[in-house]
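Report on the following structure.
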Number of protein chains: 2
Amino acid sequence: MVDSCQTCETCKNDREQYCPSTAFTYGSLDRDGSRTYGGYSKTIVLTEKFVLSIPESLDLAAAAPLLCAGITTYSPLRRWGVRPGWKVGVVGLGGLGHMALKLAKAMGANVTLFSRSQEKDEDAKRLGADHFLISSDPEQMEAVVGQFDLIIDTVPYNHDVNPYVTALVPEGSVVLVGYFGPLEPTVNSAPLVLRSQNLAGSLIGGIKETQEMLDFCGQHGIASDIEVINAQDLHYAYERVRKGDVKYRFVIDITTL
Amino acid sequence: MVDSCQTCETCKNDREQYCPSTAFTYGSLDRDGSRTYGGYSKTIVLTEKFVLSIPESLDLAAAAPLLCAGITTYSPLRRWGVRPGWKVGVVGLGGLGHMALKLAKAMGANVTLFSRSQEKDEDAKRLGADHFLISSDPEQMEAVVGQFDLIIDTVPYNHDVNPYVTALVPEGSVVLVGYFGPLEPTVNSAPLVLRSQNLAGSLIGGIKETQEMLDFCGQHGIASDIEVINAQDLHYAYERVRKGDVKYRFVIDITTL
């Protein structure tokens, strides 16, 4: 985000991401009528309040994705109060998932990655997972019914969320951060009601919380796993993103523009 | 509830309603192998911890439904922290809905009833609603988009929950207490994610919270609106319940058994 109205209720409560006038870094109409171009810009003009301080201990390139994948996963982990002893599940190991693993682990949780690919097991454990589960294996899913305090679901396309609800403890929550659209197969309200559970969503975080996340990452030495590319390799990188072949974020070196 | 294991995590956390061994008042297998018959019993034997104290200021017959409709609506109102200034919506005006109106109002909220029947307007306002909305009127629903901190949805059959999610403020919650089953039309995750909202459920409450609810009702002079019937009028009353013709709970006088 580069600007918001600063006067509405959500802005006053440090939740600029919901302000109807927020100018996002990319693709928004800015206050002066220009269009924002995010990382493709040569210069960015933003309201002072939206400037963030990157801890000196972090590599600048590896810190860049924290402003999206970092805050998107940090915010729900904090909002639901993850603490030592909690069992946290992370669904999907991509840009969001790999940050969720690192952050949940740093908050002291016992962390499990749910994935469809056995080949992600090793990386998941390197990134902080204590356990690894194949989400398409009914036996493995059956074995964890009623276990998780919180599940962060990072999958960016439609999928069945019901097995994740079933994997929650009473009063537990599944938080969707990757997919916006109709949920098919349909959500069954029975476990939600009978065990007082939540199916929730979460959108990035406000500026204050984003700074808090950066400071937390600085203290814990957490940044994103990245591949730095030159601007001219963008199309090649885009094809690799489409194939899911990136561990775990591309960062464009804009000095090569 | 008349008993639970008292040793599992949920029992230790005063959440006996999720204990796998809970004996419910009606239709459960009790510890001695007998079947529980709830209000149709001549005697009930229960674990001491499950005995509740009805405040002396409340009429006993009108207090009876508090043990179900009262705690079912009180628990989510408390769990989500309803306080003066909050906008609370209640969907449906039946046994659960009429308690939700009274309790939310007593907690200081600004309360709106959503109903399909214009004829419920007067009763809703008598029971505590500040506003009344026809939920099947797209114009009235459009006018309240983004307004509610919390919506308690008491409708006991399948219905479209998406318009209630849309009516929430960012980080607001819809809590289902009446319907257990597949939600059709399907839930759209876009508002959940883009405005960090919750679709949750809630199941009665633990014994400790049930006593707290009874004490709250005693302090605020809140009980259920009831019709007392004789045991022999049960079939007649059941037909009226099926037609939705009860304001708002039948209570059987068991001295007529």
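Distances in nm, one decimal, shortest first, from B:K49 to the same residue in every other copy, taking the label point 7 angstrom along Cα→Cβ.
Computed spacing set for this position: 4.9 nm.
State, to one decimal in nm and shortest first, how far the label point of A:G108 sits from each corresponding label point in the other identical copies (label point: 7 angstrom along Cα-to-Cβ).
Shortest to longest, the spacings are 3.2 nm.
With +1 on the Cβ of every Lys and Arg and -1 on the Cβ of every Asp and Glu, and nothing else charged, how large is the dipole of the protein assembly as shown about its Cα centre, in debye rounded to the nearest 20?
The dipole magnitude comes to about 280 debye.
Leaving out ligands, DNA and RNA but keeping every protein chain, what accessible area does B:T255 have, in Å² rounded to the nearest 10, with a 1.4 Å probe?
Rounded to the nearest 10, that gives 120 Å².
Only sites in a loop by DSSP and with at most 12 other Cβ atoms within 10 Å count here; which chymotrypsin sites (Phe, Trp or Tyr not before Pro) in the range A:1-81 make the cut?
none
How much accessible surface does A:M1 have with a 1.4 Å probe, in Å² rounded to 10?
Counting only protein heavy atoms, A:M1 exposes about 30 Å² to solvent.
Mind pulling the angle between the C-alpha long axis of helix A:95-106 and the longest principal axis of chain A? Nearest 10 degrees, somewhere in 0 to 90.
70
With a 1.4 Å probe and all protein chains kept in place, how much accessible area does B:C68 have, in Å² rounded to the nearest 10?
Only protein atoms counted, so the area is about 70 Å².
Could you give the accessible area per residue of the range A:158-231, probe 1.4 Å, as a whole number in Å²?
Here the residues of the range A:158-231 average 31 Å² of exposed surface.
Within 11 Å, Cβ to Cβ, of A:V45, how many net charges do the neighbouring residues add up to if Lys/Arg are +1 and Asp/Glu are -1?
-3
Divide, for the range B:72-201, the radius of gyration over alpha carbons by 2.2 N^0.38 Å, where N is the residue count.
In units of the 2.2 N^0.38 Å rule of thumb, it is 0.94.
Rounded to the nearest 100 Å², what is the sum over both chains of accessible area buried where A meets B, with a probe of 1.4 Å?
The buried area between A and B, both sides summed, comes to about 2800 Å².
Put +1 on the Cβ of every Lys and Arg and -1 on every Asp and Glu Cβ in the range B:171-257; which of B:P182, B:I254, B:V241 then has its Cα farthest towards the positive end of the dipole?
B:P182
Could you pull the copy-to-copy label distances for B:K243, with points set 7 Å along Cα to Cβ, in nm to one decimal and sorted shortest first?
6.9
When the Karplus curve 6.51 cos²θ - 1.76 cosθ + 1.60 is applied with θ = phi - 60°, which whole-Hz ³J(HN,Hα) does each residue of the range B:44-61 get, with x for Gly and Pro?
10, 10, 9, 4, 3, 4, 8, 7, 10, 9, 8, x, 4, 6, 9, 5, 4, 5
What net charge is computed for the residues neighbouring B:L101, neighbours being all others with C-beta under 11 Å from the C-beta of B:L101, Lys and Arg scored +1, Asp and Glu -1?
With Lys, Arg at +1 and Asp, Glu at -1, the net is +2.
Nearest 10 degrees, 0 to 90: what angle lies between the long axis of helix A:69-79 and the longest principal axis of chain A (Cα atoms)?
Once rounded, the angle reads 50 degrees.
For A:D3, what residues show an amide H to amide H distance below 5 Å, using hydrogens built from the backbone and excluding near sequence neighbours?
A:A23
So, in nm, how far is label A:L29 from label A:R116 when the simple model puts each one 7 Å beyond its Cα toward the Cβ?
3.9
Can you tell me the convex hull volume per residue for chain B, based on C-alpha atoms, in Å³ to the nearest whole number?
Considering the Cα atoms of chain B, their hull volume per residue is 139 Å³.
Roughly how tilted is helix B:207-220, in degrees to the nearest 10 and between 0 and 90, from the longest Cα axis of chain B?
Long axis of B:207-220 versus the principal axis of chain B: about 70 degrees.
Please give me the summed charge of the neighbours of B:D253: other residues whose Cβ is under 12 Å from its Cβ, Lys and Arg +1, Asp and Glu -1.
Charge balance near B:D253 sits at -2.
Residue by residue through the range B:189-199, which ³J(HN,Hα) values in whole Hz follow from phi under the Karplus form 6.51 cos²θ - 1.76 cosθ + 1.60 (θ = phi - 60°), with glycine and proline marked x?
So the J values, rounded to whole Hz, are 7, 4, x, 4, 6, 5, 10, 6, 9, 10, 10.
Please list, ordered by chain and number, the residues whose modelled amide H lies under 5 Å from the amide H of A:I152; skip anything fewer than 5 residues away on the same chain.
Residues meeting the amide H criterion: A:G89, A:V90, A:V91, A:V175.
Within chain B, count lysine pairs with alpha carbon atoms under 17 angstrom apart where the residues are 8 or more positions apart or belong to different chains.
Pairs that pass both the separation and distance tests number 13.
Show me the trypsin sites (Lys or Arg not before Pro) within the range A:63-92 that DSSP assigns to loop and that have at most 16 other Cβ atoms within 10 Å of their Cβ.
Sparse-neighbourhood loop trypsin sites (Lys or Arg not before Pro): none present.
The values are calculated or read from the model by the stated rules, or taken from the named source; none is laboratory data. Please read these numbers as outputs of a predicted model, since none were measured by experiment. Because the Cβ atoms are built from the backbone with ideal geometry, glycine has one as well, and the counts that use them run over all protein chains shown. These accessible areas exclude ligands, DNA and RNA; they are computed on the full protein's heavy atoms, side chains included. Shrake-Rupley method; radii C 1.70, N 1.55, O 1.52, S 1.80 Å.
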